[in-house]
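Each remark here refers to the structure printed beneath this line.
Bear in mind that the values in this text are calculations on the coordinates, not laboratory data. Every value quoted in this text rests on a predicted model; they were computed, and no experiment measured them. In this analysis, Cβ positions are derived from the backbone assuming ideal geometry, glycine residues included, and neighbour counts consider all displayed protein chains.
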Amino acid sequence: MSTTKETANPAVDGSELIRFDKVTKRFGSNTVLDELDFSVASGKHVTLIGPSGSGKTTILRLLMTLMKPDEGTIKVGGEYLTHEERGGKLVPAGERHVREVRKNIGMVFQQFNLFPNMKVLRNITEAPVHVLGLSKDEADERARELLDQVGLGDRCDAYPTQLSGGQQQRVAIARALAMRPQVLLLDEVTSALDPELVAGVLDVLRDIAQTTDITMLCVTHEMNFARDISDKVLMFDSGRIIESGSAEKIFGDPDHERTREFLSAVL
Ligand code: ADP
């Protein structure tokens with residue numbers, strides 16, 4: 001394991017990178033998030049745990065601007081994601097503003113969502129070239145480094161279908177990192193994998209957590225992984241955080257009965 005820290009995020013000073021303020025999200029009469037407040041400090045690894053349907057994925061989808069909150073505000077890197085300031089007033093964010101703030105956020109999904117018609121290397125270089133304006137050579141060099149980091153340096157010329165699910169997910173992780181986001185969102189990234197492929201993906205994520213300064217916000221059912229990488233764990237139930245604390249505290253000696261029940265069911 002490498003001991004040098006690669007600085008994907010220079011502002012690792014404990015400052016607030018993500019802030020949810022009184023965020024409410026409803027689907028019809030179903031209140032999925034209920035005046036949710038929380039923040040994530042720069043460079044930290046935060047894991048969201050809790051029963052299915054408690055609102056964890058909704059948080060990641062709000063951050064990816066795949067949906068909007070009904071009430072409340074979300075800030076990333078000190079900028080509103082949901083709003084923008086115009087003439088001293090806070091108004092709903094326009095598309096251009098959202099795109100700018102979103103550049104700070106990378107996401108890896110359950111389904112890897114690679115471009116099937118592009119080779120592995122091009123899957124990774126496409127967005128850096130077209131969105132960040134990197135030259136092809138710069139993007140290629142960075143992609144090769146990332147593929148080395150995820151253990152796939154020799155698969156640049158493969159097509160996604162020629163790879164296992166675990167390898168495809170590792171390409172998806174490299175693709176997200178290629179945009180040099182400040183925060184990496186991980187949504188149950190091993191749930192769609194055959195059991196024997198899970199460990200390889202989690203090892204790559206552990207390595208990224210240990211060797212880079214990237215902030216991670218993670219939804220996972222892999223409790224041992226969560227315990228290993230998390231600086232902080234948030235326990236959700238019915239759209240609220242019922243308990244939060246260090247991994248040691250939440251997994252070792254939780255205060256809330258509901259947390260104990262949940263952990264004894266999944267561990
Ligand atoms: P978790 O990730 O904790 O399993 P989710 O955030 O996926 O929970 O879902 C929280 C609740 O929101 C669930 O009751 C789910 O059915 C509902 N929900 C999520 N997305 C939608 C949607 N697009 N339309 C309607 N209901 C949704």
- For the range 86-97, just list the computed ³J(HN,Hα) in residue order, Karplus coefficients 6.51, -1.76 and 1.60, θ = phi - 60°, integers in Hz, with x standing in for Gly and Pro. 10, x, x, 10, 8, 10, x, 5, x, 4, 5, 4
- Task: Between beta-carbons, use under 9 Å as the cut-off and find the net charge around ARG258, counting Lys and Arg +1, Asp and Glu -1.
- Result: -3
- If you put +1 on each Lys and Arg Cβ and -1 on each Asp and Glu Cβ, how big is the dipole of the chain around its Cα centre, in Debye rounded to 20? 720 debye
- Message: Within the range 161-175, list the residues whose amide N lies under 15 Å from a label point set 7 Å along Cα→Cβ of VAL129.
- Response: none
- Distance cut-off 20 Å, percentage of C-alpha pairs in the range 35-153 lying past it: 57 percent
- Query: Considering only DSSP beta bridges with both partners in the chain, what is the antiparallel share in %, to the nearest 5?
  - Reply: 55 percent
- Debye, to nearest 20: dipole size of the range 1-152, +1 on Lys, Arg Cβ, -1 on Asp, Glu Cβ: 360 debye
- Note on the structure: Going through LYS68/LYS249; LYS44/LYS249; LYS22/LYS56; LYS44/LYS103; LYS75/LYS232 one by one, the pairs whose alpha carbons sit over 21 Å apart turn out to be LYS68/LYS249
- Item | Alpha carbon centroid spacing (whole Å) that separates the range 114-152 from the range 31-53 | 30 Å
- Query: What is the dipole size for the range 154-196, taken about its Cα centre, with +1 at each Lys and Arg Cβ and -1 at each Asp and Glu Cβ, in debye to the nearest 20?
  - Reply: 260 debye
- Task: Would you mind calculating the gained length between SER15 and GLU141 on full extension (0.36 nm times residue separation, minus the Cα-Cα distance), in nm to one decimal?
- Result: 42.3 nm
- Message: Please report the antiparallel percentage of DSSP beta bridges with both residues in the range 180-267, rounded to the nearest 5.
- Response: 50 percent
